[in-house]
Amino acid sequence: MKRKMMRYGAIIVGLWLGYDCQAWSQSQAAAPYQCGFVLASKDAIGEVYGPELRILDLQAGDVIADIGGSNGYRMGMFAALHDSLHIYIEDIDTLCLNQLELDRVRAWYTHVSGQPLHSTFEIVVGTASETRLPLQTFDKVLVTAAYHHFEQPEAMIRDIVDKLKPGGKIYLIENVVRRHGQRRRRLCDDVLMTEAELKSAFEAQNLLVEGVYPLGRWWTKMFVLQPIAIN
């Protein structure tokens with residue numbers, strides 16, 4: 001374990017074990033990165049986010065949105081490894097989603113990369129029922145452990161589908177449980193859904209579940225979803 005941590009370089013502000021809720025960021029006292037955490041090297045990013053990045057398969061020119069993206073810390077990491085992305089960061093929490101926080105993230109990952117980040121970044125402040133992202137724009141929309149926070153999940157999924165380009169996909173990261181109605185105390189104590197319940201919910205909204213992939217701990221999974229055309 002000690003050697004593994006040394007390989008990461010250094011984790012500057014608390015390692016997030018799994019994908020926690022947005023309130024996690026507000027509990028961290030260590031400034032300036034109060035809205036997530038930062039990693040100190042490209043190798044560390046690849047180690048922590050390798051499974052996620054392999055599934056996303058980011059390509060130059062991709063237009064990607066991160067729903068529930070906080071201050072953009074994850075997208076900053078991805079931009080350090082991939083050039084020419086067009087990134088939109090969406091959240092409802094302006095404590096974290098603001099230009100100052102994003103500038104700090106970009107500055108850190110410019111340092112990590114050793115050169116300027118050759119990607120564009122846009123901030124979009126959403127609401128409880130809509131993302132406010134531009135229509136028919138995105139190749140990939142990443143929903144980052146936010147689904148169980150949605151007050152109106154059906155409306156939010158419909159909104160996200162409207163923002164995809166033809167052929168675009170949703171990459172939804174969610175914490176799952178083994179039994180109906182189960183909670184996870186360290187994951188905000190919210191009621192979570194089983195993998196089967198999530199699949200059923202997505203299929204009911206005319207989404208094809210192309211695959212479900214574990215990310216690190218067994219309860220954190222990525223659902224790859226594609227809208228089914230309705231004639």
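The values are calculated or read from the model by the stated rules, or taken from the named source; none is laboratory data. In this text the structure is predicted, and so the values were computed from the model without any measurement. Cβ placement follows ideal geometry from the backbone for every residue including glycine, while neighbour counts extend to all protein chains displayed. What goes into the accessible areas is simple: the full protein's heavy atoms, side chains included, and nothing from ligands, DNA or RNA. Shrake-Rupley method; radii C 1.70, N 1.55, O 1.52, S 1.80 Å.
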(message) Going through L81, L100, L135, L85 one at a time, which residue ends up being closer than 30 Å to A201 by Cα and out of contact with any His (no Cβ under 7 Å at 6 or more places or on another chain)?
(response) L135
(request) Could you list, in sequence order, all residues of region 49-69 that are touching a residue at least 60 places away in the same chain (Cβ under 8 Å) and in a helix (DSSP H, G or I)? (result) P51, E52, I55, L56
(message) Please pick out the residue among D93, D66 that is buried (at least 16 other Cβ atoms within 10 Å of the Cβ), touching a Gly at 6+ places or on another chain (Cβ under 8 Å) and charged (D, E, K, R).
(response) D66
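Going through region 131-143 one residue at a time, which ones are outside any loop (DSSP other than H, G, I, E, B) and open to solvent by 10 Å² or more (accessible area, probe 1.4 Å)?
Residues of region 131-143 that are outside any loop (DSSP other than H, G, I, E, B), as a first pass: 138-143.
Within region 131-143, D139, K140 meet the criteria.
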(request) Kindly establish whether G72 is on the phi > 0 side of the Ramachandran plot and open to solvent by less than 50 Å² (accessible area, probe 1.4 Å). (result) yes
(request) Could you look through region 77-130, keep only residues that are under 29 Å from E154 (Cβ atoms), of a type in the set (S, T, Y) and part of a loop (DSSP other than H, G, I, E, B), and pick out the one that is modelled with the lowest pLDDT? (result) S129
